[in-house]
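Engineer: Take a look at the following structure, please.
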Amino acid sequence: MQNLGIQILFQGNNFLRLWVGLWVSLKLAVISMFFSICLGMLFGMVMTSTNKLVRFFCRLYLETVRIMPQLVLLFLVYFGAAKHLNVNLSGGTAAVLVFTFWGTAEMGDLVRSALESIPVHQYQSGYALGFGKIGVYRHIIIPQTIRRLLPSMMNLLTRMVKTTSLVVLIGVIEVVKVGKQIIDASRYTVPDAALWVYGVIFIMYFAVCYPFSRAAALLDKKLRD
Amino acid sequence: MNVEEILKTEQLNKSYENGLKVLNDITFSLKKGEVVVIIGPSGCGKSTFLRCLNMLEPVDSGTIRFKDRVIDRANKDVYELRQKIGMVFQSYDLFPHLTILDNILLAPVKVQKRERSEVAKEAEDLLKRVGLSDKTNVYPRQLSGGQKQRVAIVRALMMHPEILLLDEITAALDPEMVREVLQVVLELAREGMTMVIVTHEMEFARAVADRVLFMDQGVVVEEGSPEEFFNSPQTERAKQFLNMFHYEAR
């Protein structure tokens, strides 16, 4: 029978290597997301400031991050730090820095819009019941904000998981890079490897991201009614 | 200060940023057990006045006294005083993420640090009185406007306030739900609750009030018993205002 190429997946520990690669991607995404959530919460609160100057700088940061492709940011941090600051960041560290920088901005904007969507009367009925500022935020505003945030946070997380594939380009060995290695190593023995390897990577990304986006959709629906 | 006086304001003044004067030298006093109804055209400052009474909004000048304490908005004891002056708003503002029971228990448990089991008992009794004892575990979105507003009243009562401020609590309700809410307020009045009520329901005002205040453009234009005010208003502006509620038959 003609060599189909599917056996490439089961040669040696190829399949396991792909999973380990995926784990690297996920780890980068989850660590970045963790910092993005913490910093984004703070940034979001700062964004609701009434001070015009503060708002201007928040806006500037957000728009800069949105306009710049993440790849450019990655190169800027990874190569820029080495060349101009004489700091040799590992690819992973540079990736976490960049994705946190990006995620904080996006998360902050989500937090800002969630906070602003809560009617001012919710604060006032809290105050009228004798709560102080901290109590109002802790018991009334933040629980509602988090509910409103959950769906869009899930979406941000899936975007982050997908965007981690860029780190190949600064030498981090994650799932896409492992795939390339497998394909390159068997270029002559299994010419059709690319289809199978990338196919599996596709399914892996799907398996990770789909539950998140499904959960986001369900939460969104649940919170709507 | 008279022992009976529970709340007193002296020369309250407040302007908005655009220069519009919402409160103009308002001097007012409230006795224990008294029900004062404030009426007047929209934008006359009556809601603002109410919100200044429990310091949700700052005043530009003037003093507010609760019993013999002068209330200072910058002071920490504002939080304590707000517990003694309960407030119910037009838009009910129940907390959507909490069940009815949790809405009611939140402040007594978290602010007043009372035992949850003890307050839960009291909450259930109050809910029963307003006819909502089967609603303890549902969420606010599952209630009608009138039901939500009754819950909001219970929530305010749970803090054991000495004064209750009601800010147009039926203005957002469908007509058939107005009565079920006002009935609760009438009962509270009969039991001797001290209240300041802003409303557009004239029949209700007449029934519940010990004293009526008519405000227009930030000034108390006229003040008197409901009989005096509704039957023989003294000022031209009050007459005009009351006439808006009458329709001539063809």
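The values are calculated or read from the model by the stated rules, or taken from the named source; none is laboratory data. What you see is a predicted model; the values in this text were computed from it and never measured. Note that we place each Cβ from the backbone using ideal geometry, even for glycine, and neighbour counts take in every protein chain shown. We work out accessible area using only protein heavy atoms, side chains counted, and drop any ligands, DNA or RNA first. Shrake-Rupley method; radii C 1.70, N 1.55, O 1.52, S 1.80 Å.
Engineer: Criterion first (out of contact with any Lys or Arg (no Cβ under 9 Å at 6 or more places or on another chain) and either among the charged types (D, E, K, R) or buried (at least 18 other Cβ atoms within 10 Å of the Cβ) (or both)) does B:K121 satisfy it?
Structural biologist: On the way: out of contact with any Lys or Arg (no Cβ under 9 Å at 6 or more places or on another chain): yes; either among the charged types (D, E, K, R) or buried (at least 18 other Cβ atoms within 10 Å of the Cβ) (or both): yes.
So B:K121 fits the description; yes.
Engineer: Would you be able to tell me the number of residues in region B:133-158 that are closer than 17 Å to B:R179 by Cβ and either polar (S, T, N, Q) or over 24 Å from the mean Cα position of the chain (by Cα) (or both)? Lay out the reasoning, then the answer.
Structural biologist: Looking only at region B:133-158, we keep the residues that are closer than 17 Å to B:R179 by Cβ, and these are B:143-153.
So of that shortlist, the ones also either polar (S, T, N, Q) or over 24 Å from the mean Cα position of the chain (by Cα) (or both) come out as B:144, B:147, B:149.
So the count comes out to 3.
Engineer: Among the residues of region B:107-116, write down those that are in contact (Cβ under 8 Å) with a residue 24 or more places away in the chain and surrounded by fewer than 21 Cβ atoms within 10 Å (Cβ to Cβ). Spell out the reasoning first.
Structural biologist: Our first condition is that a residue be in contact (Cβ under 8 Å) with a residue 24 or more places away in the chain; within region B:107-116, this holds for B:107-108, B:111-112.
Within region B:107-116, B:V111, B:Q112 qualify.
Engineer: Taking B:D93, is it within 14 Å of chain A (Cβ to nearest Cβ) and open to solvent by 10 Å² or more (accessible area, probe 1.4 Å)? I'd like the intermediate steps shown before the answer.
Structural biologist: On the way: within 14 Å of chain A (Cβ to nearest Cβ): yes; open to solvent by 10 Å² or more (accessible area, probe 1.4 Å): yes.
So B:D93 fits the description; yes.
Engineer: Right, something else. From the list A:R187, A:R148, A:R138, which one is crowded, with 19+ Cβ neighbours inside 10 Å, at negative phi and not aromatic (F, W, Y)? Please lay out each step first, then the result.
Structural biologist: On the way: A:R187 fails: crowded, with 19+ Cβ neighbours inside 10 Å; A:R138 fails: crowded, with 19+ Cβ neighbours inside 10 Å.
Answer to the check: A:R148.
Engineer: Here's another thing I want to ask about it. Would you list the helices (runs of 4 or more DSSP H) that sit entirely within region A:95-210 and hold 2 or more residues that are within 12 Å of another protein chain (Cβ to nearest Cβ)? Spell out how you get there, then give the answer.
Structural biologist: Working: elements: A:120-128, A:142-163, A:175-185.
Here the list reads A:120-128, A:142-163.
Engineer: Report the residue count in region B:120-169 for those that are acidic (D, E) and in contact (Cβ under 8 Å) with a residue 60 or more places away in the chain. Reasoning before the result, please.
Structural biologist: Narrowing region B:120-169 to residues acidic (D, E): B:122, B:124-125, B:134, B:162, B:167-168.
Still in the list and also in contact (Cβ under 8 Å) with a residue 60 or more places away in the chain: B:162, B:167-168.
Total satisfying the criteria: 3.
Engineer: Condition check: within 11 Å of chain A (Cβ to nearest Cβ), among the polar types (S, T, N, Q) and assigned to a loop (DSSP other than H, G, I, E, B). Does B:Q83 satisfy that? Outline the logic, then answer.
Structural biologist: Numbers: within 11 Å of chain A (Cβ to nearest Cβ): yes; among the polar types (S, T, N, Q): yes; assigned to a loop (DSSP other than H, G, I, E, B): no.
Answer is no for this residue.
Engineer: Oh, and also: Do we find a residue being closer than 18 Å to B:S47 by Cα, open to solvent by less than 30 Å² (accessible area, probe 1.4 Å) and among the aliphatic types (A, V, I, L, M) anywhere in region B:221-230? Talk me through it step by step, then tell me what you get.
Structural biologist: Filtering region B:221-230 for residues closer than 18 Å to B:S47 by Cα gives B:221-223.
When the remaining residues are screened for being open to solvent by less than 30 Å² (accessible area, probe 1.4 Å), the result is B:222.
Filter once more, keeping what is among the aliphatic types (A, V, I, L, M): none.
No, there is no match, as no residue in region B:221-230 is closer than 18 Å to B:S47 by Cα, open to solvent by less than 30 Å² (accessible area, probe 1.4 Å) and among the aliphatic types (A, V, I, L, M).
Engineer: I need the full set of residues from region B:34-46 which are out of contact with any helix residue (DSSP H, G or I) (no Cβ under 9 Å at 6 or more places or on another chain) and surrounded by fewer than 21 Cβ atoms within 10 Å (Cβ to Cβ), in order please.
Structural biologist: Within region B:34-46, B:S42, B:G43 meet the criteria.
Engineer: Could you identify the single residue in B:K113, B:K67 that is at pLDDT below 95, on the phi > 0 side of the Ramachandran plot and within 19 Å of the chain's Cα centre (by Cα)? Break it down stepwise before answering.
Structural biologist: Numbers: B:K113 fails: within 19 Å of the chain's Cα centre (by Cα).
The conditions single out B:K67.
Engineer: Okay, moving on. Evaluate the following for B:N54: is it of a type in the set (S, T, N, Q), surrounded by fewer than 17 Cβ atoms within 10 Å (Cβ to Cβ) and within 14 Å of chain A (Cβ to nearest Cβ)? Lay out the reasoning, then the answer.
Structural biologist: Working: of a type in the set (S, T, N, Q): yes; surrounded by fewer than 17 Cβ atoms within 10 Å (Cβ to Cβ): no; within 14 Å of chain A (Cβ to nearest Cβ): yes.
Considered against the rule, which asks whether it is of a type in the set (S, T, N, Q), surrounded by fewer than 17 Cβ atoms within 10 Å (Cβ to Cβ) and within 14 Å of chain A (Cβ to nearest Cβ), B:N54 comes out as no.
Engineer: In the list A:N51, A:N88, A:N13, which residue meets the criterion of being without any contact (Cβ under 8 Å) to a residue 24 or more places away in the chain and closer than 30 Å to A:A193 by Cβ? Before you say what the answer is, go through the steps one by one.
Structural biologist: Values: A:N51 fails: closer than 30 Å to A:A193 by Cβ; A:N88 fails: closer than 30 Å to A:A193 by Cβ.
Step by step, each of A:N51, A:N88, A:N13 is checked, and only A:N13 is without any contact (Cβ under 8 Å) to a residue 24 or more places away in the chain and closer than 30 Å to A:A193 by Cβ.
Engineer: Can you spot a residue in region B:57-72 that is within 30 Å of B:Y139 (Cα to Cα) and either assigned to a loop (DSSP other than H, G, I, E, B) or open to solvent by 10 Å² or more (accessible area, probe 1.4 Å) (or both)? I'd like the intermediate steps shown before the answer.
Structural biologist: The initial filter retains those residues of region B:57-72 that are within 30 Å of B:Y139 (Cα to Cα), namely B:57.
If we keep only those that are either assigned to a loop (DSSP other than H, G, I, E, B) or open to solvent by 10 Å² or more (accessible area, probe 1.4 Å) (or both) too, we end up with B:57.
Yes; the residues of region B:57-72 include at least one that is within 30 Å of B:Y139 (Cα to Cα) and either assigned to a loop (DSSP other than H, G, I, E, B) or open to solvent by 10 Å² or more (accessible area, probe 1.4 Å) (or both).
Engineer: Tell me, which helices (runs of 4 or more DSSP H) wholly within region B:137-215 include 1 or more residues that are on the phi < 0 side of the Ramachandran plot, open to solvent by 10 Å² or more (accessible area, probe 1.4 Å) and within 14 Å of chain A (Cβ to nearest Cβ)? First the steps, then the outcome.
Structural biologist: Working: elements: B:145-157, B:175-190, B:202-208.
Once the helices (runs of 4 or more DSSP H) in region B:137-215 are filtered for at least 1 residues that are on the phi < 0 side of the Ramachandran plot, open to solvent by 10 Å² or more (accessible area, probe 1.4 Å) and within 14 Å of chain A (Cβ to nearest Cβ), what remains is B:145-157.
Engineer: Within 14 Å of another protein chain (Cβ to nearest Cβ), over 15 Å from the mean Cα position of the chain (by Cα) and open to solvent by less than 40 Å² (accessible area, probe 1.4 Å): which single residue out of B:L23, B:L98 fits that description?
Structural biologist: Values: B:L23 fails: within 14 Å of another protein chain (Cβ to nearest Cβ).
Residue meeting the stated conditions: B:L98.
Engineer: Moving on. B:P233 passes all but one of (1) in contact (Cβ under 8 Å) with a residue 60 or more places away in the chain; (2) touching a helix residue (DSSP H, G or I) at 6+ places or on another chain (Cβ under 7 Å); which number fails?
Structural biologist: Unmet for B:P233, out of (1) in contact (Cβ under 8 Å) with a residue 60 or more places away in the chain; (2) touching a helix residue (DSSP H, G or I) at 6+ places or on another chain (Cβ under 7 Å): (1).
Engineer: Quick check on this structure: which one of A:F43, A:F57, A:F35 is within 15 Å of A:G103 (Cβ to Cβ), hydrophobic (A, V, I, L, M, F, W, C), modelled with pLDDT of 90 or more and open to solvent by 40 Å² or more (accessible area, probe 1.4 Å)?
Structural biologist: Numbers: A:F43 fails: open to solvent by 40 Å² or more (accessible area, probe 1.4 Å); A:F57 fails: within 15 Å of A:G103 (Cβ to Cβ).
The conditions single out A:F35.
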